[in-house]
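Peer 1: My questions all concern the structure below.
What follows draws every value from the coordinates through simple rules; no lab data is involved. None of these values were measured; they are calculated from a predicted model. A quick note on method: Cβ atoms are made from the backbone with ideal geometry, for glycine too, and the neighbour counts reach across all protein chains shown.
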Amino acid sequence: MRICGVELTGSDAVVCLLNLENQQFNIPDCRVRKLSIPKEHNQYDIKQFQAAFAQLMKDYKVDKVAIKGRLPKGKFAGGAVSFKLEACIQLIADIDVIVITSSQAKAVLGENPLQIPFADTELKGFQEAAFVTAYIALQATV
């Protein structure tokens, strides 16, 4: 199974691919670390983002997309643009999308801590939340 973990921050969708084969995790190479839309965006920009994301998932044969959930209000609330990006991803045909809440994340990580330190993954630091989100989604399928 191949999962794409996504963290939505501002106008960026940070991605990380994670495979589970024969009870072994691996991180396949991906040509993209994040997809973005301009801060001042229009309908065309949104459609371009959606098409680029859909093509990336198709090219890498992703089975499921797991998005790190954001709070809708409060001190740590997600921005309006991040919710637009989430909707764009959720509306892509033929892609199974789930949103991982912080309570789900804590529960899964409590039972199944990460098997390797993030520093050993060779991913960029800004991809950590996307990686952890993908890991949590894969644990839910095991």
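Peer 1: Sort 46-55, 81-90 by the packing proxy (mean of other Cβ within 10 Å over each peptide's residues), most packed first. Don't skip to the answer; put the middle values down first.
Peer 2: Working: 46-55: 15.9, 81-90: 17.9.
Going by the mean number of other Cβ atoms within 10 Å, highest first, we get 81-90, 46-55.
Peer 1: Continuing with this model, one more query. Mind giving me the FRET efficiency for Ala80 and Arg31? R0 is 30 Å, r the Cβ-Cβ distance, nearest 0.05 is fine.
Peer 2: On the way: r = 29 Å, r/R0 = 0.95.
Computed FRET efficiency for Ala80 and Arg31 comes out at 0.60.
Peer 1: Provide the gained length on full extension for the span Leu109 to Gln139, in nm with one decimal, where the gain is 0.36 nm per separating residue minus the Cα-Cα distance. Display every interim value, and only then the final one.
Peer 2: Numbers: separation 30, 0.36 × 30 = 10.80 nm, distance 0.89 nm.
Additional length available on full extension: 9.9 nm.
Peer 1: Still on this structure, I have one more. Fewest first, what order do Lys73, Lys68, Lys58 take by the number of other Cβ atoms within 10 Å?
Peer 2: Values: Lys73 7, Lys68 24, Lys58 12.
In order of increasing Cβ crowding within 10 Å: Lys73, Lys58, Lys68.
Peer 1: Place a +1 charge on the Cβ of each Lys and Arg in the chain and a -1 charge on the Cβ of each Asp and Glu, then give the dipole magnitude about the Cα centre in debye, rounded to the nearest 20. Write out the running numbers ahead of the final one.
Peer 2: Details: 16 positive and 15 negative charges, 88 e Å.
Roughly 420 debye for the chain.
Peer 1: Go through Ala130, Ser36, Phe118 and say which Cα lies farthest out towards the positive end of the charge dipole of segment 2-141; charges sit on Cβ, +1 for Lys and Arg, -1 for Asp and Glu.
Peer 2: Value: Ser36.
Peer 1: For segment 1-58, go through all pairs of different Cα atoms, get the mean of 1/r, take its inverse, and jot down that Kirkwood value in Å.
Peer 2: On the way: mean 1/r = 0.0795 Å⁻¹.
Mean inverse Cα-Cα distance, inverted, gives 12.6 Å.
Peer 1: Near Pro72, within a Cβ-to-Cβ distance under 15 Å, what is the net charge of the other residues, with Lys and Arg +1 and Asp and Glu -1? Don't skip to the end; give the middle numbers.
Peer 2: Working: positive: Lys68, Arg70, Lys73, Lys75, Lys84; negative: Glu86.
Summing Lys/Arg as +1 and Asp/Glu as -1 gives +4.
Peer 1: On a straight-distance basis, which lysines could pair with Lys75 in a cross-link, Cα separation under 28 angstrom, same-chain partners fewer than 8 positions away excluded?
Peer 2: Result set, ordered by chain and number: Lys34, Lys39, Lys84, Lys106, Lys124.
Peer 1: Beyond 19 Å, what percent of the Cα pairs of segment 43-99 remain?
Peer 2: Working: 510 of 1596 pairs.
Value for segment 43-99: 32 percent of Cα pairs lie more than 19 Å apart.
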